[in-house]
Amino acid sequence: MTQSVKADLLIVGMGAAASMAALYALDANPDLNILIVTKALKGKGGCSRMVQGGFNVVLHPMDSHEKHFMDTLKGGQYINKQDLAYTLVTEATATIKEMETRFGCFFDRNPDGTIHQKPFAGQSYDRTVHKGDLTGIEIMSRLTEQVIKRGIPVLEETRAVDLLLDESGKTVTGALLFDMRRGDFLVAEAGATLVATGGGPTQYRFHAPGPEKSVDGLGMLYRAGAVMMDMEMVQFHPTGLIIPGSVVAGALLEEGLRGAGAYLFNGNGERYMLNYAPDVAERATRDVVSRSSYIEMTSGRATPEGGVYIQASHLGPEFVLKNFPGMAERCRQFGYDLARGRVPISPTAHFVMGGAAVDLNGQSSLEKLFVAGEDAGGVHGANRLGGNGICESCVLGRQVGKALSKHLHNGNRALATTRKDQVKETADRLLRPFTRDSGPSPFDLRKRIKEMNWNKVGVVRDGPHLTEALAEIDAIADEASRMRVSGGRNYNMMYTAAVDLLSMIDVSRMVATSALAREETRGAHSRSDFPKQRDDYGLFNSNLRRGSDGKPVIEKTPVAFTRKSLEECQNYRKG
Amino acid sequence: MSATKRNVRVFRYDPAVGGDGGFRDYTLEVENASAMTMLDVLLHIQREQDPTIAFRFACRVAMCGSCGMVINGRERLACKTNVSDLPPSEDITLRPMNHFPVIKDLVVDMDPMFNKFRETLSFFEPKEQLTEPARIAPDAPEREEIRLATDCIACGCCVSSCTMVDHHPDYAGPAALARAYALIADSRDGLFQERLAAALPSCHECRTETNCTEVCPKGISPTRAIKYIQRTALVQLEVTPKEAEVEETEAPPARWEVDRATFIRGAGVAVIGAAVAVTLGSVAAITTVGPTESAAAEEWVSVGRIADLPQGKVTTVLLNYEARSGIYSQTISKPVMISRLSDEIICYKTACPHLGCTVHFENQSDEFRCACHGGTFDRSGSVIAGPPPRALDRYRHKIEGDQLLVLI
Amino acid sequence: MSVTEDEAKPIQYRKHLRWGEHDPNRRANTPLGMWAWLWQRVSALLIVVLLVLHISLPYKLAIQFLLLLTVTFHATLGLRVILLDFNLVSIRHHRTLAWALPVVGLIAIFIVWRCIY
Ligand SMILES: Cc1cc2nc3c(=O)[nH]c(=O)nc-3n(C[C@H](O)[C@H](O)[C@H](O)COP(=O)(O)OP(=O)(O)OC[C@H]3O[C@@H](n4cnc5c(N)ncnc54)[C@H](O)[C@@H]3O)c2cc1C
Ligand code: SF4
Ligand code: FES
């Protein structure tokens, strides 16, 4: 028998979305029994902590929700779920204020004492709230402290491995957890389950999120049969550090560097951005710069490190050191001199725009299953604006928290019965790697899938490579079913890598399938065989669910222009 | 760059085996010492030599504070320490942090530290219910004061480096005190007195070793924080003995337990200490100037016109007044809830008698509620539900003309 | 949250490590502030001993000199704590304080002693 716990509300993850949801649900309904489970330590895992840039929100009278909304749609190349995006921008204002007044966050100020807002790419008004370049630390430290204050129980280093379903397969009853310290399973059943594990595309050679993340939530949701959307939309940040042989590779150099006028050079020493975007050059949007760098790198013009160079020294070493101290320090740690030399960089996988299809309350297509944060899809459309990510997690986390407290108030706390045998079947299957005497190593397979995704499902894609990728994913999945893990079960990191891999396989498959189905270039999704954005074709969302053979089944649904028409979007800030 | 061989000693402890644990040696080819962090060292060993080795990391860019360990005799973040930071002549020695129970190899249980955060009330509690963020200039003295301390990533390096943590089980440790300090200096926070009272006893355990200041990867000085709390208490702490007792029953059990050996050694030290104290006591007696933590005197403060307080409602008013204590005087703002629910006017403290969080009146349910632990009080302030040990505290008040005065 | 009883397999954590335990490089890496603290305690004990000697064997110049040195050393380290306590010197300079104050104190005492004797 596996140990089990029961709660009214089970929250998987402890990033910004999860913590906000927990706090708002509890404050509205103090007798809720909430249980948070996280793969890392309290408040330490995930991307919310790593946010450098900041949080987009309308505060200034000269700015408006309308503008923020339109910027978001423009960034998303019109395929956003408009109602979600509208909630995002309108509720953001109240959210950021409450984060200051209720939870004690303190963001940087203007000289007159009001909150300072800085410019960020793709915005018609300076609206990014920040705390130096460590905004995420401020947000997560304060939210974690509030969770601790309320005494909400948190199971640390306990990861969810699969969602549990009732007999009908339509209602989620909780999640199967794995206590990484004890090396044992734990069944958590709850009246409602919230998945907020924050995407995090670490299935690529270079990735910005911490390697602890492994798209678990997306994998879990998919396996449970939830409807997922727009999974082809993976954002690549153009400036990730290259550090050969180090896990730190892929860590970001701030976008502000390009904004301030840094140059990019290829291996031949040419400022290649002048060819791709003559007007704005390096200041072009993330997707354009990433794509251009990638083309340079794959056309034989890479630097010896396999990427391109960023140069900021012409701005003056003092300027660089004063304005980007953290970035200069990060480079210095690895022997690069940002202030005086060139630093090798590469596009790096940054954010998953896709995710579970949800309504305004975070309700997914399955009963009792809610999703918030990066795991949810639709808000950002085909591309996310810098500063809208943490905003999504906090704002929609808050909305979902409020909705959940109401939902659970209305007699919905009763636990459904988990399908007999699901726990046992899953646990047995997942424990098999411990019992084998030989088999492939999860470390090797993980490396393989990262290289495969980078080369075939990466920054620029094409039909033949995507087809190959799908075959290769099958091959990796096959090997993964024969993996072997050595050592005991307590805190076994090799086993962690093995379970991570299973999520990565499912998500890679979703991304490749959706990418193959979208025969155009839009936002972060770019196809060399279909290099144009086709508004007569591409205004759809790719809804995807797990078919009976375990492979994704895709269904294209037209975008609902519920608030703004296509023309309004297209004509907004033209040129 | 030619590869060099480095000897790496890693502390191993296997919970399935138990025992004391000890070092195991590995030899690693280092290609480029300046581009290889300690995390890379461990990952290489794990991939190539020993997959059973356990360590913890998440962000790998010094933002999450998961990878603190003792590297060559000093607390550092594994992701922020490169091979080239250590003298080539030394072995690389990796060992778990001090003062935290070891789960496996380099992985420790950080709950003792999180518990201390709770004990020192190191969480923000708004002074008043505001809808707009406070207007505070970026160069306001309070912000200059605590700027750095708010960057703490709770890595525990300071807790590991401080020897006093091991000798005083009640000591909150540098990390929790650094946070308490940032809150005490924050004018928006409403638990000033309570937190000061909760943090102060711990501050007395600080021996100014400055180890914490030396090791903090974010350049924070918990030492400075501790001194700040002591100085603030010296002039501003109101003595409220009963609050301390209440906490006793609620606080989670101390996790830094004293074992017998420490106790006996402690007792030995106490005997010697007592002897020395007797010898030097007379000197001390002359130099002591008497107790310095002075209680603020009570005074009548005007709330305003009674007519401005709506009938049938509870109004929270912020009182600003000048308080003199010793040779210092300062402006204090204090929230008071004034109830005109019945004919009688009642003035309540906003601090919950449980742990001092802010209590609000909810019109819908006709109850006072505390968000922290769900304490609920009826309209007369008596406890209905939750952990509070007694009814809401009241202030005495009087009416002079059309003015309401409260005894603070 | 309620946990069912059955076979919650506990995991045995190792008791926390102590400062210096299993730590071959600790001594060499002990920061200056720690030494300042330690030496102040040691000098306190020395003062007690020297004080007793000084009272029982009066007018021994060597003892008087040693006592003076120890007291100075101890006092300057005490001064370091006071300066930090009241934030009269920024914590940034704590290392400088730890060596400079005793050095200056001892040199001053030496000079004074030379002037008198
Ligand atoms: C380097 C970097 C910089 C960024 N900068 C910005 C920025 O400037 N502005 C902006 O708007 N956005 C930024 N983003 C994006 C932003 O951080 C994310 O969109 C947002 O933080 C996601 O929040 P979340 O709460 O959904 O997930 P996260 O904060 O990622 O939290 C996920 C949580 O789930 C836990 N978890 C994961 N798997 C499991 C599992 N299987 N079981 C249990 N728990 C699990 C994790 O431990 C973690 O606690 C940045 C992202 C990165 C990586
Ligand atoms: S004060 Fe510094 S050393 Fe201590 S926990 Fe915070 S960041 Fe770590
Ligand atoms: S891994 Fe996050 S601080 Fe080192």
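The values are calculated or read from the model by the stated rules, or taken from the named source; none is laboratory data. Just so it is clear, the model here is predicted, and its values are computed rather than measured. Cβ sites come from the backbone with ideal geometry, for glycine too, and all protein chains shown count toward neighbours.
Tell me, please, whether a residue that is away from every other protein chain (no Cβ under 14 Å), away from ligand 2 (no atom under 16 Å from the Cβ) and in contact with a helix residue (DSSP H, G or I) (Cβ under 7 Å, 6 or more places away or on another chain) can be found in segment A:403-424. Among the residues of segment A:403-424, at least one is away from every other protein chain (no Cβ under 14 Å), away from ligand 2 (no atom under 16 Å from the Cβ) and in contact with a helix residue (DSSP H, G or I) (Cβ under 7 Å, 6 or more places away or on another chain), which makes the answer yes. Counting only residues that are within 16 Å of ligand 2 (Cβ to nearest atom) and at the interface with another protein chain (Cβ under 8 Å from one of its Cβ atoms), segment B:113-144 holds 5 of them.
For segment C:6-24, give me each residue that is closer than 18 Å to B:V215 by Cα and either modelled with pLDDT under 90 or among the basic types (K, R) (or both). Correct list: C:R18 only. Within segment C:94-117, the only residue that satisfies the criterion of being among the hydroxyl-bearing types (S, T, Y) and within 21 Å of the chain's Cα centre (by Cα) is C:T96. Of all residues in segment A:116-124, at least one satisfies being in a loop (DSSP other than H, G, I, E, B), crowded, with 22+ Cβ neighbours inside 10 Å and more than 9 Å from chain B (Cβ to nearest Cβ). All conditions in (1) within 12 Å of chain C (Cβ to nearest Cβ); (2) in contact (Cβ under 8 Å) with a residue 24 or more places away in the chain hold for B:C64, with the sole exception of (1).
When the residues of segment B:191-232 are filtered to those that are outside any helix (DSSP H, G or I), more than 10 Å from ligand 2 (Cβ to nearest atom) and more than 10 Å from every other protein chain (Cβ to nearest Cβ), the one that is farthest from B:T358 (Cα to Cα) is B:E205. Answer yes or no: is there a residue in segment B:46-58 that is under 34 Å from the mean Cα position of the chain (by Cα) and among the small types (G, A, S). Within segment B:46-58, one or more residues are under 34 Å from the mean Cα position of the chain (by Cα) and among the small types (G, A, S). Among the conditions (1) within 30 Å of B:P387 (Cα to Cα); (2) surrounded by fewer than 23 Cβ atoms within 10 Å (Cβ to Cβ); (3) within 13 Å of ligand 1 (Cβ to nearest atom), A:G43 misses just one, which is (2). Report, by residue number, each residue of segment A:344-384 that is out of contact with any strand residue (DSSP E or B) (no Cβ under 7 Å at 6 or more places or on another chain), within 15 Å of ligand 1 (Cβ to nearest atom) and assigned to a loop (DSSP other than H, G, I, E, B). Residues satisfying the conditions are A:V379, A:H380, A:G381.
Within segment B:150-175, being of a type in the set (G, A, S), within 14 Å of chain A (Cβ to nearest Cβ) and part of a helix (DSSP H, G or I) holds for one residue alone: B:A175. The residue pairs whose first member lies in segment B:21-43 and is within 22 Å of B:A62 (Cβ to Cβ), whose second member is aromatic (F, W, Y) and within 16 Å of ligand 1 (Cβ to nearest atom), and whose beta carbons are closer than 7 Å, counting only pairs six or more residues apart or on different chains, are B:L39/B:F57.
Taken over segment B:42-52, the criterion of being more than 7 Å from every other protein chain (Cβ to nearest Cβ) and surrounded by fewer than 23 Cβ atoms within 10 Å (Cβ to Cβ) is satisfied by B:H44, B:I45, B:E48, B:Q49, B:D50.
Close Cβ contacts (under 9 Å, 6 or more residues apart or on different chains) running from residues in segment A:400-412 that are farther than 12 Å from A:L360 by Cα to residues that are part of a helix (DSSP H, G or I) comprise A:S405/A:Y24; A:S405/A:A25; A:S405/A:L26; A:S405/A:D27; A:S405/A:A28; A:K406/A:A28; A:L408/A:A25; A:H409/A:A28.
If the condition is being part of a loop (DSSP other than H, G, I, E, B), in contact with a strand residue (DSSP E or B) (Cβ under 7 Å, 6 or more places away or on another chain) and more than 7 Å from chain B (Cβ to nearest Cβ), then segment A:72-115 contributes A:Q77, A:I79, A:F107.
For segment A:125-134, filtering for residues that are farther than 17 Å from A:N388 by Cβ and buried (at least 18 other Cβ atoms within 10 Å of the Cβ) leaves 3.
Considering segment A:275-312, the residues that are among the charged types (D, E, K, R) and outside any helix (DSSP H, G or I) include one that is farthest from A:H525 (Cα to Cα), namely A:E305. Looking only at residues of segment B:351-367 that are surrounded by fewer than 17 Cβ atoms within 10 Å (Cβ to Cβ) and part of a loop (DSSP other than H, G, I, E, B), we find that the one that is modelled with the highest pLDDT is B:D366.
When restricted to residues that are surrounded by 17 or more Cβ atoms within 10 Å (Cβ to Cβ) and not β-branched (V, I, T), segment B:368-392 contains 14. Looking at A:G151, A:G132, A:G169, A:G198, which one is away from every other protein chain (no Cβ under 14 Å), assigned to a loop (DSSP other than H, G, I, E, B) and at positive phi? Result: A:G169 is the single residue among A:G151, A:G132, A:G169, A:G198 that is away from every other protein chain (no Cβ under 14 Å), assigned to a loop (DSSP other than H, G, I, E, B) and at positive phi.
B:I103 falls short on exactly one of the conditions (1) at the interface with chain A (Cβ under 7 Å from one of its Cβ atoms); (2) in contact with a strand residue (DSSP E or B) (Cβ under 7 Å, 6 or more places away or on another chain), and that condition is (2). Within segment A:20-67, take every residue that is in a helix (DSSP H, G or I) and within 16 Å of ligand 3 (Cβ to nearest atom) and give me the one that is farthest from the other protein chains (Cβ to nearest Cβ). By that ranking, first place goes to A:S48.
Taken as a whole, the condition of being in contact (Cβ under 8 Å) with a residue 40 or more places away in the chain and under 27 Å from A:A349 (Cα atoms) does not apply to A:L566. Checking each residue in segment B:68-100 for being hydroxyl-bearing (S, T, Y), out of contact with any strand residue (DSSP E or B) (no Cβ under 8 Å at 6 or more places or on another chain) and within 12 Å of chain C (Cβ to nearest Cβ) picks out only B:S89. For segment C:60-75, the criterion of being among the aliphatic types (A, V, I, L, M) and within 7 Å of another protein chain (Cβ to nearest Cβ) is satisfied by no residue at all.
Right, B:I71: surrounded by fewer than 24 Cβ atoms within 10 Å (Cβ to Cβ), within 14 Å of ligand 3 (Cβ to nearest atom) and at pLDDT 95 or above or not? Yes.
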